[in-house]
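Structure, as structure tokens:
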Amino acid sequence: MTTPERLSGREPMERAPRTAREQMRELKHEVVGQTRQALGQARDRAGTSLAESKQKLADQVGGLAGALRRTTEQLREEDRTTVANLTDAAAGQADRVSDYLRRVDARAVREDLEGLARRRPALVLGGALALGLLAARFFKSSERHRAGAGDPYARA
């Protein structure tokens, strides 16, 4: 089927090449779509990483509760009931924190911490200070242990 347009080498209007504006619009939509997809994937990866970190923290706090309970038993064997009661209470708190971290999603944890910081800022600052001191002590003791094991001339 030959039409006058085909014989002259021209395409009908429906097959006409796209204008530069249409091409730019299509390119923009494609770029926006790919960017949204990439952001969604990054958000998913960050959420997974945060959930894994929260789970590790819950496990560590649970381990701390176990260590406090063992300390409580040892203190009771030594008839140091006052200190044993304090460590037992601390172990109970650590168990509750560990259970809370396992049960609640990361966004709720953040919101609860923000609310606590607004209501009781001194408690949050004191807790952060205590955690910082514990972490510093832990790192310092692990550094000494590591240096002593690997280097016979290292200071203990």
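Throughout, read-outs are computed from the coordinates displayed, never taken from laboratory work. For clarity, every value in this text was computed on a predicted model and none was experimentally measured. Here Cβ is always computed from backbone atoms with ideal geometry, including for glycine, and neighbour counts include all displayed protein chains.
Residues 61, 97, arranged from fewest to most other Cβ atoms within 10 angstrom of their Cβ, appear as 97, 61.
Residues 116, 133, ranked from the fewest to the most other C-beta atoms within 10 Å, line up as 133, 116. Label sites at residue 100 and residue 24, each approximated as a point 7 angstrom past Cα along Cα to Cβ, lie 5.5 nm apart.
For segment 37-42, backbone phi angles converted through the Karplus equation (6.51, -1.76, 1.60; θ = phi - 60°) give residue-by-residue couplings of 5, 5, 5, x, 5, 5 Hz, Gly and Pro being listed as x.
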